[in-house]
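Report on the following structure.
Here, each number is a calculation from the coordinates, and none is a lab measurement. Computed from a prediction, not measured in an experiment: that's the story for all the values here. Cβ placement follows ideal geometry from the backbone for every residue including glycine, while neighbour counts extend to all protein chains displayed.
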Amino acid sequence: MVWIGERSYAIYLWHWVVFQVTRPSVDLEGSTWALFALRILIVFALADISLRLVELPIRSGLVEYWFKGMKYRTKKVQLRQKSILAISLTITVIALSTISVHAINQSDREMSLVKAEINQPVEMSPLVDSPTDTPGLWVTGDSVILGIRHELDRRQHISLINARVGRQAPELIDVMTHDKLNMAGATVIFNLGNNNKLTETQVVSIFEEVKDQPQIIVVNTAVPRGWRDENNALIAKYCLQYGAVMVDWAAISLGHPEFFAPDGVHLVPAGVRAYVDAIAINL
């Protein structure tokens, strides 16, 4: 505790930076607990370095003595040391500013594209299909589904899409109850588990609503949240019981942070293609 107390200020300063650039399932892949332990160790290591190289020299007066001793050095040495100090500080500030601005701009651009995609009005396809009487797809879910709908429709006709930002399981059950009346004989595709911790009752209710569809395709969640693994275990269990196809997006996207927008949930174009590929291979 004493060791932590001596470094508490540095821990406070470093933890935000480290935790922002080492987000599980976004910047790093692996076990949640292992990544958490690694992040804590990195914070402690940086805090210890800061204490030894910054805080203690300042507290002991070494930095103050160095500046005070400047006047006793030759003009040439003074000029050289001041120039080196000024150049070092300038380069550091410019580098940090450039990196920060670039990261922020890149993040903003990616999120703007994602928001533009999911906020486009959903054009409901007519429920009358082609003369072959082969029904199109019934697709439902949350904002991730909104983001992939155009790519999926390009691959195979969607007869009905019903998706909304932030949709949770209770609402999904309600819309399925309504929409299935018009979608007999259609393959149903939906994602599950992004926006809330699922209960067994909710998952059973969802599968009961669609159990009569000829094919059920369910995409699990890769969301960097504490409920991800438990949700995916429930999804896998009931996909098996109801004979549904589970698209294991958590496994497919593992090690591919380039699939995701900065929030670690929504998809950039590369992620959209991978997501739809994983669905299309089962159609």
Spin-label proximity, LEU56 to region 1-22 - amide N less than 15 Å from point 7 Å beyond Cα toward beta carbon: 3-8, 10
Calculated FRET value between THR177 and LEU38, using beta carbons and R₀ = 51 Å, to 0.05: 0.70
Dipole axis of region 122-280 (+1 Lys, Arg; -1 Asp, Glu on Cβ), positive-most option in ILE235, GLN156, ILE189: ILE235
Global geometry of region 126-217, whether rounded, prolate or oblate, following the gyration tensor of its Cα atoms and the 1.5 cut on a/c: oblate
Packing-based order for 76-89, 152-165, using average beta carbon neighbours within 10 Å, highest first: 152-165, 76-89
Inter-label distance for ALA280 and GLU208, nm, one decimal - labels placed 7 Å from Cα along Cα-to-Cβ: 3.7
Anisotropy class of region 122-280 from Cα gyration tensor, a/c 1.5 cut: oblate
DSSP bridge orientation in region 122-280 - percent antiparallel, rounded to nearest 5: 5
Alpha-carbon centroids, region 215-250 and region 176-207: separation in whole Å: 12
Shape call, region 234-281: gyration tensor on alpha carbons, a/c limit 1.5: prolate
Contour minus Cα-Cα distance for ALA184 and ASP229 (0.36 nm per residue): 13.0 nm
In nm, spacing of pseudo-spin labels at THR201 and THR22 (7 Å Cα→C-beta vector): 4.1
